[in-house]
Structures are given as C-alpha cells and as structure tokens.
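One structure is given here, and the rest of the page talks about it.
The values are calculated or read from the model by the stated rules, or taken from the named source; none is laboratory data. Please read all numbers here as calculations on a predicted model, not as lab measurements. Counting neighbours? That spans all protein chains shown, and the Cβs are built from the backbone with ideal geometry, glycine included. Just the protein is used for accessible areas: all its heavy atoms, side chains included, with ligands, DNA and RNA removed. Shrake-Rupley method; radii C 1.70, N 1.55, O 1.52, S 1.80 Å.
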Amino acid sequence: PADSTNWLSFKLRMTEGPRVRIRKIEFDGNKATKEKILRRILDIDSSAYFSQRELESGLSALRRASFIKTIKSAQLVPEPDPSWSALKIELEEKRQNSFLGVLGYVPKAQSGTGYFSGALNFVFDNIFGTGRKGEISWTKKDPYSFDLFFSFREPYLLNLPLSVQLDL
C-alpha cells in the first residue's frame with residue numbers, strides 16, 4: 001500500500017462437527033482410590049453427550065476431594081467412530097494416612113505417681129480406596145483425665161451422594 005500503515009486481513013471459518021458421546025472414562029494415577037469412587041465424584045454419565053460445563057464441575061468436585069492432590073490433565077481421546085470419545089483424567093493422590101504425636105512422661109512428684117501426657121492423632125483418609133474417613137485422637141494433660149475422640153465419615157450412604165459422620 002501507498003501509506004505507511006501495515007495491514008493484515010484474514011477470514012476465519014469454523015465448522016461445527018458432530019456432537020461427541022463419552023464411551024468410557026479412564027483414570028490414570030489412582031493407586032489407592034477405586035475408579036468407581038472417582039466416577040461417582042466426577043458425576044459424568046458415560047454414554048452421555050460431552051459437556052464442557054459438566055466436565056469442569058466434575059473436575060472441581062475431584063479437586064475438592066480430601067485424597068486428591070492434583071488433576072494433571074483431562075482430555076477427550078477420539079475413537080475411530082467420530083461420534084464417540086474416551087475421557088482420560090490423569091491425577092495425583094495425596095498421602096492416605098497421617099500420624100501426629102507428642103508423648104512425654106511426668107515423673108513422680110512428692111506425693112503421687114508419674115504419668116504419661118501428650119497428644120496422639122491418627123487420620124485414615126480414603127479407607128480402602130472408598131472415600132471413607134476415620135480419625136482417632138487421644139490427649140492427656142494431667143494425671144486425672146484424658147480426652148479420647150473417634151470419628152468416622154461415610155460419603156455415600158445407601159449408594160446416594162449423602163454423607164454421614166459419626167463423632168464420639
């Protein structure tokens with residue numbers, strides 16, 4: 001052109017392809033968690049049409065699970081039939097169990113006996129890969145009393161997304 005401005009012109013044409021159904025959902029990286037539990041949390045119906053909104057919602061639910069560290073990737077893998085794809089999700093799990101403890105011994109005073117004091121806490125997250133959680137805690141500050149705490153959480157009561165927790 002005669003003037004000093006540079007111009008770029010292009011046309012973009014987009015053609016929508018066929019709607020894609022998810023034939024199967026595969027997880028990679030789950031060592032302890034059962035795939036059935038991950039599918040339940042993801043809450044995407046295999047054989048349903050793919051929806052980006054549903055996928056984002058399901059991945060968000062997986063990220064909130066206490067035993068999932070990260071979601072590395074989620075991708076649709078095309079199959080020979082263009083109307084079907086597989087959904088592959090790569091994830092990393094957190095450590096399933098933890099222990100925290102401090103234990104001490106208070107020696108015998110003038111009139112009395114010695115005693116142990118301290119705190120112990122055991123957390124069992126994702127028991128047997130089912131999403132269940134248990135906790136046992138013991139605390140003792142003086143020779144006359146101690147606290148003992150038990151907790152159990154069932155995430156799917158009667159195979160429904162209904163969570164129940166029992167604390168004693």
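Please list, by residue number, every one of the trypsin sites (Lys or Arg not before Pro) in the range 33-135 that is coil in DSSP and has at most 15 other beta-carbon atoms within 10 Å.
For trypsin sites (Lys or Arg not before Pro) across the range 33-135 that sit outside H, G, I, E and B with at most 15 neighbouring Cβ atoms in 10 Å, the list reads Lys34, Lys94, Arg95, Lys108.
What residues have an amide H closer than 5 Å to that of Gly131, excluding those fewer than 5 places away on the same chain, when H is modeled at 1.01 Å from N in the peptide plane?
The answer is Asn126.
What does the helix-only formula give at 222 nm for the chain: each DSSP H stretch with n ≥ 4 adding -39500 (n - 2.57), the total divided by the residues, and the result rounded to the nearest 500 deg cm²/dmol? Please report the intermediate quantities before stating the final value.
Details: 2 runs with 21 residues, N = 168.
Using -39500 (n - 2.57) per qualifying helix, the result is -3500 deg cm²/dmol.
If I compute solvent accessible area with a 1.4 Å probe over the protein chains, what percent of it on the chain is carbon and sulfur? Display every interim value, and only then the final one.
Working: 6910 of 12500 Å².
Here carbon and sulfur together make up 55 percent of the probe-accessible area.
In the chain, with Lys and Arg counted as +1 and Asp and Glu as -1 at Cβ, which of these residues, Asn6, Asn97, Leu160, has the Cα nearest the positive end of the dipole, that is, farthest along it?
Working it through, the farthest residue towards the positive pole turns out to be Asn97.
For Tyr144 and Leu76, calculate 0.36 nm times their separation in residues minus their Cα-Cα distance, and state this gained length in nm to one decimal.
18.3 nm
Taking H placed 1.01 Å from N in the peptide plane, check which residues at least 5 places from Lys94 or on another chain put their amide H under 5 Å from its amide H.
Ile68, Lys69
In Å², what does the accessible area per residue of the chain work out to with a 1.4 Å probe? Please report the intermediate quantities before stating the final value.
Numbers: 12500 Å² over 168 residues.
On a per-residue basis, 74 Å².
Could you tell me whether the range 1-64 comes out rounded, prolate or oblate from its Cα gyration tensor? Rule is a ≥ b ≥ c as square roots of the eigenvalues, rounded for a/c under 1.5, then prolate if a/b exceeds b/c, otherwise oblate.
Working: a/c = 4.27, a/b = 2.62, b/c = 1.63.
Prolate.
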